[in-house]
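Structure first, then comments.
Readers should treat all values here as calculations from the given coordinates under stated rules, not as data from a laboratory. Keep in mind the model is a prediction, meaning the values are calculated, not measured. Methodologically, a virtual Cβ is constructed for each residue, glycine included, from the backbone with ideal geometry; neighbour enumeration extends over all protein chains shown.
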Amino acid sequence: MKSEMKPGMKPGIKIGSVALYLAACAVLAIVFAAYLQPSFMLDLGTRFVMCF
């Protein structure tokens, strides 16, 4: 059983998977950038500890 493709579509990487990959890379870049600011990480850690 073959999946039917619409005219003009090519098999390969789907746009959704590319978008998901780019979103994951963006999130990782933001997290990495946050670690470059020690004062931000200290503030975040202090706020987390103050919850308990």
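Numbers below:
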quantity	calculated
Y21-M41 pseudo-label distance in nm [points 7 Å out on the Cα-to-Cβ vector]	2.9
Label point distance in nm, K6-A34, each placed 7 Å from Cα along Cα→Cβ	3.8
